[in-house]
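These notes concern the structure reproduced below.
The values are calculated or read from the model by the stated rules, or taken from the named source; none is laboratory data. Here the structure is a predicted model, which means the values were calculated and not measured. So basically every Cβ, Gly included, is an ideal-geometry build from the backbone, and we count neighbours across all protein chains shown. The protein model used for the area step is the full one, side chains on, heavy atoms only, and it has no ligands, DNA or RNA in it. Shrake-Rupley method; radii C 1.70, N 1.55, O 1.52, S 1.80 Å.
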Amino acid sequence: MSRHLTQQQKDALKEYLDLFEQNSRQIEGASAPMLRKRSGDALLRNLLEGKDSPAHYPNERFLYTDVAEALMTDYGLNIYCRRPCVNPAETYHCEVKGLQAATIYVHGDSVYIPDGLPQLLPEGTYLGTLKDCAEPERVRALFSDKAWEPDSSDPSNWINDMIALDGICLVVPDGVKLPMPVQIVNIADWALDMMSNRRLCIYLGRKAEADIIVCDHAYGENLQLTTSNVTLQLSEGSRLGYYSVEQTNEKTTRFCNIRAMQLSDSQLEYNSITLQCGTTRSTLTIMQPEHGAVAEVCGAVVAGKSERADNYVRVEHGGEGNSSNMLFKYVLGGKSVGAFTGEVFVAEGARQISSEQQSQNLLTTDEARVYSRPVLEIYADDVKCNHGATVGKLDETALFYMQQRGISEPDARMLLQHAFVNDVLQRISIPALREQLSTLVERRFRSGRAQCDGCRMIDLCKDN
Amino acid sequence: MLEIENLHATVEGKEILRGVSLTIAPGEVHVLMGPNGSGKSTLSNVLVGNPKYSVTEGSITFQGKDLLALSPDARACEGIFMSFQTPIEIPGVSMTKFLHAALNARRKYHGEKPIGGADFLKLLREKRKLVGLDAHFMNRGVNEGFSGGERKKGEILQMAILEPQFSILDETDSGLDVDALRIVADGFNALRTEKTSALVITHYQRMLDYLKPDFVHVLMNGRIVRSGDASLGYAIEEKGFDWIKEELNSTSA
């Protein structure tokens, strides 16, 4: 990636700004009230005008994923909120076998809440669109400003902040534990090259508990670009499991930016599994300003062909007794490219911080590449930080041992690769999801595809 | 069952086997002895098709088939099993999953239906008793955290599950205490039939005591230089290999 934006990239970014300015009234009118206070446009404008501002791009955080380049494709945008003619909740099916979940479908950037869904959840819980939220001011105020503001280094996040019109909101009151996971099924399947901008806001009250499963699917022959802007607020003593499963395709570019605020004694379990993708970049920023917060951050990538997968995790430790633990495992074949950065920032005055980081990578072809970067920025003394990175090939001795017992070479490879990824899957605390992902990973290694039994797709618009 | 003729093999370009010929009939147990570096492990690795070893001359016929034309997994499915000198760890692949996959691969090769999970667990429970390995070992990764003795018992357990026609025990006795050796040897003996045979590589008399081999061969410099019954093994235990070297030198002189 170049250290400077090219004129063409600047022109492409300016088009988004022009589009926003020319349609500001429409965007304002169609937006959920919670999203009306925007700052993405100012960040983008300042960058293009070279003004002194927190916004910066290109930057070190995007060494291996060129956002500006990806934004040069002329994507359509759904700023008039046209909904696909068929309700995806009726025509599309995605489930985790043996798991009851409160499932919401998102086609492009349109959210579909199935009838009866709110009744599945305890009283006082809100699960719905941002637009339908009855008390937008009160709900917005539940989130810390730092979690809500856009990422100053990610242009895809600014564009999302400018033009996302709606999204999903989950508010779990103090002391409430959701009886089932919330599953969000994102579908990208347009009959033209399209960009979808999605928003997800999750607030957990004190000692509240919830599990979220986000499944990203993409279909069709057209180019799809999806941006997701996710805001997580974990109040004192709360616990959130956030599981992301990506099964898109080579036509899809996906930028996901998650900002998580963890208050005292909260627990975040994050697990992101990329089974199929085109170009995917997940940026996760975790803030722990108080005490006793724990973040378990895991991820796995299985990639081949020309797939590109990039995970960037930044943990900002402040306060006292906060900790983070990262484990990322990639299996890369074909000419795929993987990148992982684990950035640990320990603020001045922070005490008893502990952070562990492991990035382990298996390259199954000579052409596959992985870039693994630990970045430690520490301004305090009372800190324990470990990091390690490995890159290797499959163990030939183990392969031979298995073959000597009658297991064919492809099966032996599959078993070893599956075992490698399994460390990450084992950290998922929902047994049914763990089981299903284990099956999907096996299928991915066997056939190159990772389709669930429970998932099916009926053409959304093509027959209508 | 197994006919090795004039076998020459190299590892990393260096010739280790220089014309080995050996015939093993059904029901026979052959012991292979020889000084370190004489080629014993090379012979066993060549038999199972380890890709690090290259055969440059000669042939191996197993039950009428050209063994050298078969892949390592096909050789295993044909009924050849090797108990490794140092069984490796495979973290993340449980012993149960591994053995289930191995048994079903073999069944598939012979056109048989795969064995289901419940039936396999029953079989595993039964076979474990033979070597006295507890159930918790089966949920661990293959050989993961196993002691030396447990690994060797694990090898015999695998043999019991896979029921090979021909087994190679490559220094299975090394590193075992007296009790563990007895368990391993008893396990091996319990699996012997009139139709199965074995090639046992060992340095020790104890193994001869337990296995009561039909033949003992001595391998030196890549060739079998002496063959006899168990008494040859006891003579080596008592006098070492020097007397054989001296005899060979005087013959060639």
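Observations on the structure shown:
- Within the range A:240-253, the only residue that satisfies the criterion of being open to solvent by less than 10 Å² (accessible area, probe 1.4 Å) and more than 22 Å from A:L425 (Cα to Cα) is A:T252.
- Candidates A:S355, A:S372: the one that is of a type in the set (S, T, Y), under 22 Å from the mean Cα position of the chain (by Cα) and under 21 Å from A:V294 (Cβ atoms) is A:S355.
- One residue alone among A:L204, A:L200, A:L192 is among the hydrophobic types (A, V, I, L, M, F, W, C) and surrounded by fewer than 23 Cβ atoms within 10 Å (Cβ to Cβ), and that residue is A:L192.
The rows are residues; the columns are (1) over 16 Å from A:T65 (Cα atoms); (2) touching a Lys or Arg at 6+ places or on another chain (Cβ under 6 Å); (3) of a type in the set (V, I, T); (4) assigned to a loop (DSSP other than H, G, I, E, B).
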| residue | (1), (2), (3), (4) |
| --- | --- |
| A:L268 | yes, no, no, no |
| A:S272 | yes, no, no, no |
| A:T280 | no, yes, yes, no |
| A:L284 | no, no, no, no |
| A:E296 | yes, no, no, no |
| A:V301 | no, no, yes, no |
| A:A309 | no, no, no, no |
| A:V315 | yes, no, yes, no |
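- Complete set of residues in the range B:192-244 that are within 21 Å of B:I16 (Cβ to Cβ), modelled with pLDDT of 85 or more and not β-branched (V, I, T): B:L199, B:H217, B:L219, B:M220, B:N221, B:G222, B:R223, B:R226, B:S227, B:F241
Results for (1) without any contact (Cβ under 8 Å) to a residue 60 or more places away in the chain; (2) farther than 15 Å from B:G34 by Cα, shown as yes or no for each residue.
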residue	(1), (2)
B:K195	no, yes
B:D209	yes, yes
B:V216	no, no
B:Y234	yes, no
B:F241	no, no
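- Lone unmet requirement of (1) in contact (Cβ under 8 Å) with a residue 40 or more places away in the chain; (2) open to solvent by less than 20 Å² (accessible area, probe 1.4 Å); (3) in a loop (DSSP other than H, G, I, E, B); (4) more than 12 Å from chain A (Cβ to nearest Cβ) for B:S174: (2)
- Scanning the range B:48-70 for residues that are of a type in the set (A, V, I, L, M, F, W, C) and not in a strand (DSSP E or B) gives B:V48, B:L67, B:L68, B:A69, B:L70.
- Residue in the range A:425-432 that is within 11 Å of chain B (Cβ to nearest Cβ) and open to solvent by less than 10 Å² (accessible area, probe 1.4 Å) present: yes
- The range A:188-206, subset assigned to a loop (DSSP other than H, G, I, E, B) and of a type outside the set (A, V, I, L, M), residue nearest to A:S156 (Cα to Cα): A:D193
- Among the residues of the range A:396-408, just one is open to solvent by 30 Å² or more (accessible area, probe 1.4 Å), within 7 Å of chain B (Cβ to nearest Cβ) and assigned to a helix (DSSP H, G or I), namely A:T397.
- Some residue of the range A:387-395 being closer than 25 Å to A:G241 by Cα, more than 12 Å from chain B (Cβ to nearest Cβ) and among the polar types (S, T, N, Q): no
- Filter result for A:Q403 (under 30 Å from B:G49 (Cα atoms) and either under 25 Å from the mean Cα position of the chain (by Cα) or not aromatic (F, W, Y) (or both)): yes
- Residue under evaluation A:Y371, criteria (1) buried (at least 21 other Cβ atoms within 10 Å of the Cβ); (2) at pLDDT 95 or above, criterion not met: (1)
- Among (1) within 27 Å of B:A230 (Cβ to Cβ); (2) outside any strand (DSSP E or B); (3) in contact (Cβ under 8 Å) with a residue 12 or more places away in the chain, the one test that B:E5 misses: (2)
- Given (1) in contact (Cβ under 8 Å) with a residue 60 or more places away in the chain; (2) buried (at least 17 other Cβ atoms within 10 Å of the Cβ); (3) of a type in the set (S, T, N, Q); (4) more than 14 Å from every other protein chain (Cβ to nearest Cβ), number of the condition A:N361 does not satisfy: (1)
- Verdict on B:G92 being of a type outside the set (K, R), surrounded by 15 or more Cβ atoms within 10 Å (Cβ to Cβ), more than 20 Å from B:S197 (Cβ to Cβ) and in contact with a strand residue (DSSP E or B) (Cβ under 6 Å, 6 or more places away or on another chain): yes
- Any chance A:D66 is of a type in the set (D, E) and in contact with a Phe, Trp or Tyr (Cβ under 7 Å, 6 or more places away or on another chain): no
- Options B:K129, B:K122, B:K113, B:K152; residue that is basic (K, R), touching a Lys or Arg at 6+ places or on another chain (Cβ under 9 Å) and either open to solvent by 40 Å² or more (accessible area, probe 1.4 Å) or closer than 20 Å to B:P91 by Cα (or both): B:K113
- Residues that are away from chain A (no Cβ under 14 Å), in contact (Cβ under 8 Å) with a residue 60 or more places away in the chain and not in a loop (DSSP other than H, G, I, E, B) within the range B:18-41 comprise B:R18, B:G19, B:V20, B:S21, B:L22, B:I24, B:V29, B:H30, B:V31, B:L32, B:M33, B:K40, listed in sequence order.
- Qualifying positions in the range B:32-74 - within 17 Å of the chain's Cα centre (by Cα), among the charged types (D, E, K, R) and open to solvent by 20 Å² or more (accessible area, probe 1.4 Å): B:D73
- Residue match in the range B:213-221 (condition: farther than 29 Å from B:A74 by Cβ and buried (at least 22 other Cβ atoms within 10 Å of the Cβ)): yes
- Listing of helices (runs of 4 or more DSSP H) fully contained in the range B:71-166 that carry 1 or more residues being within 8 Å of chain A (Cβ to nearest Cβ) and closer than 30 Å to B:V178 by Cβ: B:95-109, B:148-162
- Take the conditions (1) touching a residue at least 24 places away in the same chain (Cβ under 8 Å); (2) under 30 Å from B:L43 (Cβ atoms); (3) open to solvent by 20 Å² or more (accessible area, probe 1.4 Å); B:N139 misses just one of them, which is (2).
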